[in-house]
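Worksheet: the structure to be examined is printed underneath.
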Amino acid sequence: MSNLLWLLPAFPFLGFVLLTAIGKRLSSRHVALIGVGSITLAGIVSLILGISLLQHPLEHYSHTLWIWIDIGNFQPGMGLYVDTLAMVFLFVITVVGALIHVYACEFMEKDPDYSRFMSCMNLFVCAMLLLVMADNFLLLYLGWEGVGLCSYMLIGFWYEKPANGYAARKAFTMTRLGDISLAIGMMYLFYEFNSLNIAKIVALAPEQWALQPQTALIVTLLLLGGALGKSAQFPLHNWLPDAMAGPSPVSALIHAATMVTAGVYLIARMHALFELAPAVQGLIAIIGAVTLLLAGFSALVQYDIKRVLAYSTISQIGYMFLALGVGAWTAAIFHFMVHAFFKALLFLAAGAIIEALHHEHNMFRMGGLKSKLPLIFWTFLIASASLAAVPLLSAGFYSKDQILWYTLAGQYGNPVLYSMALVGALLTAAYTARMMLLVFWGQAKSQVLRPPGTRMSLPLIILALLTSLAGFLEFPHNFFHFTPFSDFLNSSLPLTSVKEQGFSEGISQVLAAVMTFVGAYIAYYFYHLRPNLLPVLKEQSWLLFLQQLWLKGWYFDQLYDFLWVRPFQWITAKNKEDVIDGWYSSLTSATRTMSDSLSLLQSGSLRWYVMGMVLGAILLLSLQILL
Amino acid sequence: MILLSLIVLLMLGGALSYLSERLNPYAPRWVALLTTLTSFVLVIIFWLGHYHRFTLSPAPNWLEEFRLEWIPTFGISFHLAIDGLSLILLALTCFLGLLAVLCSWREIQERTGFFYFNLLWILAGVAGVFMAIDLFLFYFFWEIMLIPMYFLIGIWGGHKRVYAAYKFFIFTQASGLLMLLSILGLYYSHGQLTGHYTFNYTELLGTTFSDPRGFWLMMGFCIAFAVKLPLIPFHAWLPDAHSEAPTAGSLLLAGILLKTGAYGLLRFVLPIFPVQAMEIATPAMWLGVTGVLYGAFLAFSQTDLKRLIAYTSVSHMGFVMMGLFAFNELALQGVVMQLITHAISTGALFLLAGMLKERLHTRDIGQMGGLWTRMPQLGTLGLVFALASLGLPGFGNFVAEFLILLGSFEAHRWHTVIAALGLVFSAVYSLRIVQKIFLGPQNRYGVLADFTHRERLMMGILAISIFWLGLFPQPVIHTARPAIVKLVELLSKESDTAYQPYYEPK
């Protein structure tokens, strides 16, 4: 089985190479065949691996292709490693990836750069698989920056618009800031353990760091920095909404399902280190809670449907971070998987709507699509139900409820975090319901030009099925004991310990359900029952201020612009001519001035020379007399 | 014997191309192509033939040696020798020489004979620098490579070529004189100590110096090499020389002339003055870190494409300085890698700049934009080398910069952290290049031709090399290992207390 591992990244890589080299000359059918085919083949391999891991969940597969660098005891290899944790990610990346590729076949077909799109997407899947399968940090970092590159190329895919290029560079630069932090953490780890092998580090850390909490603290903080950048968490979160400039399949694959959860993967993978630094774990929980609220409020007032989804992604990843922070490892991964399904579905459906309405992004100009695009409506409804965590029926309920419960009852859980998460649940339901109402109910404001074809519809249906079924992989403990998902993961992630609590899980579930309904009702009230109320409220200046604040994402862009971008631009513009070069130039110009003034003496006029000699003689004489 | 024949081949080839212009103005380029190709093949055959020797233990001092008495009275001999380190740099020299000939194929139409003469003599001079282990001979070759480059910039350069050529000449010549003084000082110090006056490198190793004298002798060498490298604040000649030189000139400047500075530090300063070098390690590190950031900042604000690339060199060479003064195997291997990968990636960027200049007749990136649509292949390669330059994993530059940072991290944590932040800025300026040239809207220019076959060949080879070095850097590391290990051992012997080899168990 281990010998199959290399095929996983190899197929997409081959697809990338083929499409880059000869893609321009291929017909769009062949481009689609290569692009989708490579991911599908990788998907088949991952299913084979998955089935064999299901049978023997305690095993792991590893395979080293070659030694990358070999200097002294620094010997990172091109080594792949798959255990149950990596398997869940592999499954999501390849299966959701393949579905999104099928969708993109139709979505991007008319684009003149169809083959470039497919080749970038294939490269992305390859890099993401390497990130997840790496057995050492250096290879992980290769994947880590590789996905960042693909994200850059795909956000700026329609490169003729300068704003897209700006969004792409913003995403790359901000995530790179995190990447640097990760790289420094990596160096630290190397000198601590004389190795970058992840399994070795995880095995050695508890013993070696038992007496060095300081080191554990620094290293985990550095790793966390990397995770924050990639996963768009506070304070490095504001690149993600702009990243929506890319085509919708990109948003679905990269900025919802896979790449942005790389930080979750990293923390889960290194859980043994984070457990040694409880302070950092607490910080992760706080960051998660803060992020989910910040993004939740912002999602509430957006006009652009993709921006709502972007903020919602930030917010949902915030839940995952919260779960990681309170030590609910498997709950975080479960939410990752469920979220990947429903959020990919939401983005794909949103893309289909935008296409159908001739590139209309503004939800206020949509409306009434319920009857016009029934397939999209039903699939969108299923995914929205999951996002809003509608009790019992939706997968999102099962995954989010678990997180909520552990936020209260888990090892590091506390009531403050719990109440923040509850408010987040209310916000989620509210913005989801608002989006549904604006897009599908009410009067039609735009004409449907192009309903989606089969290749776009099929992925929607399959994702809807996955979304509906995924929830039943893990039931709450108070229902009945059926938890195959966390059982599967327990070979690579520790069990979540629950502390004694006066509060039962049932009450928490009821509270969560109430929050969902209240949130949805608020949206229903303002956007359906009493739509005239909103313009009235807007007249209140403080409400208008709040709306603007949330719409602009709490002005983080402006803040960073003021703090970093402007000073950098100012300094570089000031020093464009290079002060050091200026110093040398002044040297030459001083020499030249002196030479010029001295050369005045050599006027060629005899009178001046005689005069000079006389003056000199007088000077010498007088000096002799005086001294 | 191969050592001498390489230099003779390049010099003869140069003379021949000069003469062949009388037959036909296009003859010199063929002569030059043949010469560089032969020399490249020779070096590669030599490398392959000696590859097994790098695993020998103990590794031989030199792979190949050639010695001829020159002026025995003063202890001067014509003494060439190479080890793995010089072999790598020789291969690089011949490789870039080949590319330099290819990229001038169309660009140079006037006085072709003299052009290729100069080009080949630069290569001969640099090859001599990498091989000479007699300090007098070293200085001789150091000067040889300077003069043809002066002509190359001054005759075939851009508008401000005379200014740039003067500046280049004065900077390198003045600093070269300091080195000559130091060489003489070293000669006398060693002579007074042992009674044996010689310029032979191997005999000069291990000379002990009285306190301030050693420091000043080292500084003479250091300044000469720092100017070439270039290290802040001696970098001012570089942007002018780079931007005014013809494409081949910029390629050779960035690709190999800068490397002679790093090579000099590796070959002469660290082994001859280990104690003194350790004393200045911290300020040298700071200069390196400053260079990384300062170069990146300046690169960001430039509008002249070649000037911009020149400042990225300053930034990348800052890493080299850091790696050199980290004194451990990881960092020094990183330095060797950086010398090669920087030559390839920056060389490729200069080639691209040359191609754009040929098509658009401008170097101003404000005049460009949206060229991807017209020239997708050129755009792809531009993106590839911008990414290489920002140190993306998978490219050779990442291996180099990561090793340098990892090595420096051992003893200089804060330096490393700050230099690592420089990688954010390298992303900023690299992506700015891509954006300004290839992306965005564009209607200014009409039909533009994409790569010709010749250009595709050059860029393809460069792209494959940079990927290859990123994924399979081991052959290079392997080749440099004996030389680097020896250097590290020498340094650690000098200060057992100050230096702890990183592989010692905790």
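B:Val424: in the same structural domain as B:Leu381 (by TED's automatic domain parsing) and without any contact (Cβ under 8 Å) to a residue 24 or more places away in the chain, yes or no? Even if it seems obvious, please write down each step before you answer.
Numbers: in the same structural domain as B:Leu381 (by TED's automatic domain parsing): yes; without any contact (Cβ under 8 Å) to a residue 24 or more places away in the chain: yes.
Answer is yes for this residue.
Entry remark, region B:1-31: residues being in contact (Cβ under 8 Å) with a residue 60 or more places away in the chain and assigned to a loop (DSSP other than H, G, I, E, B) number 5 in total. Would you check if B:His453 is more than 21 Å from the chain's Cα centre (by Cα) and either under 24 Å from B:Val314 (Cα atoms) or buried (at least 18 other Cβ atoms within 10 Å of the Cβ) (or both)? No, not satisfied. Hey, among the residues in region B:149-168 that are of a type in the set (A, V, I, L, M, F, W, C) and over 20 Å from the mean Cα position of the chain (by Cα), which one's nearest to B:Gly354 (Cα to Cα)? If we take residues in region B:149-168 being of a type in the set (A, V, I, L, M, F, W, C) and over 20 Å from the mean Cα position of the chain (by Cα), then B:Trp156 is nearest to B:Gly354 (Cα to Cα).
Do you know which residues across region A:543-594 are more than 30 Å from A:Tyr303 (Cα to Cα) and β-branched (Val, Ile, Thr)? Steps first, please.
Initially, region A:543-594 is screened for residues more than 30 Å from A:Tyr303 (Cα to Cα), giving A:567-594.
Matches in region A:543-594: A:Ile571, A:Thr572, A:Val579, A:Ile580, A:Thr588, A:Thr591, A:Thr593.
Within region A:472-486, count every residue that is touching a residue at least 60 places away in the same chain (Cβ under 8 Å) and surrounded by 14 or more Cβ atoms within 10 Å (Cβ to Cβ). Lay out the reasoning, then the answer.
To start, the set of residues in region A:472-486 that are touching a residue at least 60 places away in the same chain (Cβ under 8 Å) comprises A:472-476, A:485-486.
Those still in the list that are surrounded by 14 or more Cβ atoms within 10 Å (Cβ to Cβ) too: A:473-476, A:485-486.
Residues that pass the stated criteria total 6.
Taking the criterion of being part of a helix (DSSP H, G or I) and farther than 24 Å from B:Asp83 by Cα, the residues of region B:191-211 that qualify are B:Gly191, B:Gln192, B:Leu193, B:Thr194, B:Asp211.
Of all residues in region B:402-418, those satisfying the criterion of being more than 10 Å from chain A (Cβ to nearest Cβ) and in contact with a Gly (Cβ under 9 Å, 6 or more places away or on another chain) are B:Ile404, B:His415.
Going through (1) away from chain B (no Cβ under 14 Å); (2) part of a loop (DSSP other than H, G, I, E, B); (3) among the acidic types (Asp, Glu) one by one, A:Asp111 falls short only on (1).
Considering only residues that are part of a helix (DSSP H, G or I) and at the interface with chain B (Cβ under 9 Å from one of its Cβ atoms), which ones fall in region A:192-207? Explain how you work it out, then say what you get.
Pass one, region A:192-207, residues part of a helix (DSSP H, G or I): A:192-193, A:198-207.
Within region A:192-207, just A:Glu192 meets the criteria.
Condition check ((1) within 21 Å of the chain's Cα centre (by Cα); (2) surrounded by 14 or more Cβ atoms within 10 Å (Cβ to Cβ); (3) more than 9 Å from chain A (Cβ to nearest Cβ)) across all residues:
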position	(1), (2), (3)
B:Val424	no, yes, no
B:Asn443	no, no, yes
B:Ala463	yes, yes, yes
B:Ile466	yes, yes, yes
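When A:Leu129 is tested against (1) part of a helix (DSSP H, G or I); (2) in contact with an Asp or Glu (Cβ under 6 Å, 6 or more places away or on another chain), exactly one condition is not met: (2).
A:Ile39 fulfils the conditions (1) within 22 Å of A:Cys105 (Cα to Cα); (2) within 14 Å of another protein chain (Cβ to nearest Cβ); (3) among the hydrophobic types (A, V, I, L, M, F, W, C) except for a single criterion, (2). Here B:Leu178 fulfils each of the conditions (1) buried (at least 21 other Cβ atoms within 10 Å of the Cβ); (2) in contact with a Gly (Cβ under 6 Å, 6 or more places away or on another chain); (3) in a helix (DSSP H, G or I) apart from (1).
Here A:His339 passes the criteria (1) of a type outside the set (Ser, Thr, Tyr); (2) over 20 Å from A:Ala232 (Cα atoms); (3) buried (at least 24 other Cβ atoms within 10 Å of the Cβ) except the one numbered (2).
Output the residues belonging to region A:134-153 that are over 27 Å from B:Leu439 (Cα atoms) and of a type in the set (A, V, I, L, M, F, W, C).
Going residue by residue through region A:134-153, those that are over 27 Å from B:Leu439 (Cα atoms) are A:134-141.
Within region A:134-153, A:Ala134, A:Phe137, A:Leu138, A:Leu139, A:Leu140 qualify.
Okay, residues lined up against (1) touching a Gly at 6+ places or on another chain (Cβ under 6 Å); (2) under 30 Å from B:Glu358 (Cβ atoms); (3) not in a helix (DSSP H, G or I):
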position: B:Leu33; (1), (2), (3): no, yes, no
position: B:Leu48; (1), (2), (3): no, no, no
position: B:Pro60; (1), (2), (3): no, no, yes
position: B:Glu65; (1), (2), (3): no, no, yes
position: B:Glu69; (1), (2), (3): no, no, yes
position: B:Leu80; (1), (2), (3): no, no, yes
position: B:Ile88; (1), (2), (3): no, no, no
position: B:Leu96; (1), (2), (3): yes, yes, no
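Tell me which residues, restricted to region B:283-293, are under 13 Å from B:Leu421 (Cα atoms) and crowded, with 24+ Cβ neighbours inside 10 Å. Walk me through how you get there before you give the answer.
Taking region B:283-293 as the starting set, the residues that turn out to be under 13 Å from B:Leu421 (Cα atoms) are B:289-293.
Result: B:Val289, B:Gly291, B:Val292.
No other residue among A:Leu189, A:Leu221, A:Leu211, A:Leu240 is crowded, with 22+ Cβ neighbours inside 10 Å and within 14 Å of chain B (Cβ to nearest Cβ) apart from A:Leu189.
Counting only residues that are buried (at least 22 other Cβ atoms within 10 Å of the Cβ) and under 22 Å from B:Arg454 (Cα atoms), region B:65-91 holds 0 of them.
Pairing each residue of region A:18-41 that is without any contact (Cβ under 8 Å) to a residue 60 or more places away in the chain with any residue that is of a type in the set (Phe, Trp, Tyr) and surrounded by 18 or more Cβ atoms within 10 Å (Cβ to Cβ), provided the two are 6+ apart or on different chains, yields C-beta distances under 7 Å for A:Leu41/A:Phe11.
Remark: pairs (first residue in region A:557-578, part of a helix (DSSP H, G or I); second residue basic (Lys, Arg); Cβ separation under 9 Å; 6+ apart in sequence or on different chains) = A:Asp557/A:Lys170; A:Gln558/A:Lys552.
Results for (1) among the polar types (S, T, N, Q); (2) surrounded by fewer than 24 Cβ atoms within 10 Å (Cβ to Cβ); (3) within 13 Å of chain A (Cβ to nearest Cβ), shown as yes or no for each residue.
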{"residue": "B:Gly295", "(1), (2), (3)": "no, no, yes"}
{"residue": "B:Thr303", "(1), (2), (3)": "yes, yes, yes"}
{"residue": "B:Met337", "(1), (2), (3)": "no, no, yes"}
{"residue": "B:His342", "(1), (2), (3)": "no, no, no"}
{"residue": "B:Ala353", "(1), (2), (3)": "no, no, no"}
{"residue": "B:Gly369", "(1), (2), (3)": "no, yes, yes"}
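What helices (runs of 4 or more DSSP H) completely inside region B:222-291 contain at least 3 residues that are farther than 19 Å from B:Phe141 by Cβ? Even if it seems obvious, please write down each step before you answer.
Values: elements: B:237-244, B:247-252, B:258-264, B:274-279.
Hits in region B:222-291: B:237-244, B:247-252, B:274-279.
Counting the residues of region A:526-559 that are farther than 26 Å from A:Pro235 by Cα and surrounded by 14 or more Cβ atoms within 10 Å (Cβ to Cβ) gives 3.
The single residue among A:Leu58, A:Leu47, A:Leu149 that is over 21 Å from A:Ile267 (Cβ atoms), in a helix (DSSP H, G or I) and more than 21 Å from the chain's Cα centre (by Cα) turns out to be A:Leu47.
Quick check on A:Gly77: is it among the small types (Gly, Ala, Ser) and surrounded by fewer than 22 Cβ atoms within 10 Å (Cβ to Cβ)?
Working: among the small types (Gly, Ala, Ser): yes; surrounded by fewer than 22 Cβ atoms within 10 Å (Cβ to Cβ): yes.
Here the answer is yes, as A:Gly77 does meet what is asked.
If you go through region A:51-70 and keep only what is in contact with a helix residue (DSSP H, G or I) (Cβ under 8 Å, 6 or more places away or on another chain), surrounded by fewer than 19 Cβ atoms within 10 Å (Cβ to Cβ) and not aliphatic (A, V, I, L, M), you end up with A:Pro57, A:Glu59, A:Ser62, A:His63, A:Asp70. Pairs are defined by a Cβ separation below 7 Å, a sequence spacing of at least 6 or placement on different chains, a first member in region A:180-206 that is over 19 Å from B:Ile404 (Cβ atoms), and a second member that is among the basic types (Lys, Arg); the pairs so defined are A:Phe193/A:Lys200; A:Ile198/A:Arg269.
The values are calculated or read from the model by the stated rules, or taken from the named source; none is laboratory data. Because the structure is a prediction, the values reported are computed rather than measured. Because the Cβ atoms are built from the backbone with ideal geometry, glycine has one as well, and the counts that use them run over all protein chains shown.
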